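First up is the structure itself, then whatever we jot down about it.
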């Protein structure tokens, strides 16, 4: 067991923060700047209207520049690494009580669960009756570049889960999966039925008909696959900016607004530091192996394999109806990443013992101000029901 700092340190954080600036600037060019040009060309335009439009553009640019210059970097005290193999590791946050194995999404780094000391979900769990373990996917290296999810399950997740069980005396360990980690946690439970306690999914996608890209990707499937294969051949893995752009393109105006708001406040107050912490996590993505990316973009998103029970995991399909462990499904009513209509069908398919629909968005499931009381306290109660 080694003691390892968890998170992005200064020596690994690039001087330039990838903030989707090119996408936002293009959006400004097509919207706010286009309006400004038409206003300038119109002799009836009032000067105060011109000033307001120019100020709107300037505030977005100021917010982008302020974010780039901000001194904040993600650093939290180290926690022990219980197990490691290849690029992956299992972090042990200590505590006593309910053993919980947390599977985050592969798209972004696992430190969303340990963002700051004040808002660390893992440290809250350790203080509140859990023995939590966090599975960290890391950056796929040469050993993982050709992994699909089935290989990750067999060669990384199952050995890590076994290590967590040994650390807890060999008994059952509960599972929690966030976002993309939800379906993967269910697949792990299907493979480790004897050692799995209860299961919680949070913001887990299930019915991809409700993803706005579903129909478009169905029509352009072959071109999508070809472009992904080309990128993987050139870069080794799919660059993180590809997936980040996928979500950013859904609502570029929202991206412009958040930087406009950031420009208007005190850059060093708690709200600003939290903004930068979240943006750094959002922008610090992980290169994804090509097989995993194809699974997510074609098998999951295009074919809707999770809903139809046709997801091929190493020659087997995932039938969540056969999972014996009680399952709690958590779906935020304001989730814009995984819409409630996408997440809720899982509850009926798995025969959920509990359905929780907090009034929050996707990040709010982990980082929301009321997440402790409205989400994770009910999670603790659900996981505790099997004790005694």
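Kindly check whether there is at least one residue in region 178-185 that is over 29 Å from residue 290 (Cα atoms), in the same structural domain as residue 376 (by TED's automatic domain parsing) and touching a strand residue (DSSP E or B) at 6+ places or on another chain (Cβ under 9 Å).
Looking through region 178-185, none of the residues is over 29 Å from residue 290 (Cα atoms), in the same structural domain as residue 376 (by TED's automatic domain parsing) and touching a strand residue (DSSP E or B) at 6+ places or on another chain (Cβ under 9 Å).
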Self-check item: Matching helices (runs of 4 or more DSSP H) fully within region 196-279 where at least 2 residues are more than 30 Å from residue 162 (Cα to Cα) and at pLDDT 90 or above
Solution: 214-219, 221-235, 252-264
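Only one of 298, 293 is in contact with a helix residue (DSSP H, G or I) (Cβ under 9 Å, 6 or more places away or on another chain), crowded, with 19+ Cβ neighbours inside 10 Å and either assigned to a helix (DSSP H, G or I) or without any contact (Cβ under 8 Å) to a residue 24 or more places away in the chain (or both); which? Spell out how you get there, then give the answer.
Working: 298 fails: crowded, with 19+ Cβ neighbours inside 10 Å.
After applying the criteria, what remains is 293.
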Quiz item: Do we have any residue at all in region 210-225 that's under 17 Å from the mean Cα position of the chain (by Cα), in contact (Cβ under 8 Å) with a residue 40 or more places away in the chain and under 20 Å from residue 355 (Cβ atoms)?
Solution: no
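When you look at residue 271, is it touching a residue at least 60 places away in the same chain (Cβ under 8 Å) and under 30 Å from residue 117 (Cα atoms), yes or no?
No.
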Practice problem: Test each condition in (1) farther than 16 Å from residue 121 by Cα; (2) surrounded by fewer than 21 Cβ atoms within 10 Å (Cβ to Cβ) for residue 88 and report the one that comes out false. | Solution: (2)
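Take the residues in region 315-341 that are assigned to a loop (DSSP other than H, G, I, E, B) and touching a strand residue (DSSP E or B) at 6+ places or on another chain (Cβ under 6 Å); name whichever of them is farthest from residue 352 (Cα to Cα).
325
Residues checked against (1) in contact with a helix residue (DSSP H, G or I) (Cβ under 7 Å, 6 or more places away or on another chain); (2) modelled with pLDDT under 95; (3) in a loop (DSSP other than H, G, I, E, B):
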position	(1), (2), (3)
77	no, yes, no
84	no, no, no
90	yes, no, no
116	yes, yes, yes
Practice problem: Might you check whether a residue that is modelled with pLDDT under 80 and part of a strand (DSSP E or B) occurs anywhere in region 31-38? | Solution: no
Practice problem: Report yes if residue 321 is free of Cβ contacts under 8 Å to residues at least 60 places away in the same chain, in contact with a helix residue (DSSP H, G or I) (Cβ under 9 Å, 6 or more places away or on another chain), at negative phi and surrounded by fewer than 16 Cβ atoms within 10 Å (Cβ to Cβ), otherwise no. | Solution: yes
Quiz prompt | Residue match in region 104-113 (condition: at pLDDT below 95, within 29 Å of residue 383 (Cβ to Cβ), in a strand (DSSP E or B) and assigned by TED's automatic domain parsing to the domain that holds residue 291) | solution = yes
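Confirm whether residue 132 is closer than 30 Å to residue 174 by Cβ, at pLDDT 90 or above and touching a strand residue (DSSP E or B) at 6+ places or on another chain (Cβ under 6 Å).
yes
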Practice problem: Report yes if residue 175 is in the same structural domain as residue 109 (by TED's automatic domain parsing), in contact with a strand residue (DSSP E or B) (Cβ under 8 Å, 6 or more places away or on another chain), in a helix (DSSP H, G or I) and in contact (Cβ under 8 Å) with a residue 40 or more places away in the chain, otherwise no. | Solution: no
Exercise. Being surrounded by fewer than 18 Cβ atoms within 10 Å (Cβ to Cβ) and either outside the structural domain of residue 112 (by TED's automatic domain parsing) or not in a helix (DSSP H, G or I) (or both) is the filter here, so list the residues in region 345-367 that pass it.
Key: 351, 353, 354, 355, 357, 359, 361
Practice problem: Exactly one condition in (1) out of contact with any strand residue (DSSP E or B) (no Cβ under 6 Å at 6 or more places or on another chain); (2) closer than 28 Å to residue 267 by Cα; (3) crowded, with 20+ Cβ neighbours inside 10 Å is not met by residue 106; state its number. | Solution: (2)
Quiz item: Here are some conditions: (1) more than 28 Å from residue 332 (Cβ to Cβ); (2) at pLDDT 95 or above; (3) out of contact with any strand residue (DSSP E or B) (no Cβ under 6 Å at 6 or more places or on another chain). Residue 121 meets all but one. Which one does it not meet?
Solution: (1)
Quiz item: How many residues does region 57-75 contain that are touching a helix residue (DSSP H, G or I) at 6+ places or on another chain (Cβ under 6 Å) and more than 30 Å from residue 109 (Cβ to Cβ)?
Solution: 1
Practice problem: Among the residues of region 39-56, count how many are within 15 Å of residue 261 (Cα to Cα) and at pLDDT below 80. | Solution: 1
Practice problem: Would you check which residues across region 123-169 are in contact (Cβ under 8 Å) with a residue 40 or more places away in the chain, assigned to a helix (DSSP H, G or I) and under 13 Å from residue 93 (Cβ atoms) and list them? | Solution: 124, 125, 164, 167
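The values are calculated or read from the model by the stated rules, or taken from the named source; none is laboratory data. Model, not experiment: these values are computed from the prediction. In this analysis, Cβ positions are derived from the backbone assuming ideal geometry, glycine residues included, and neighbour counts consider all displayed protein chains.
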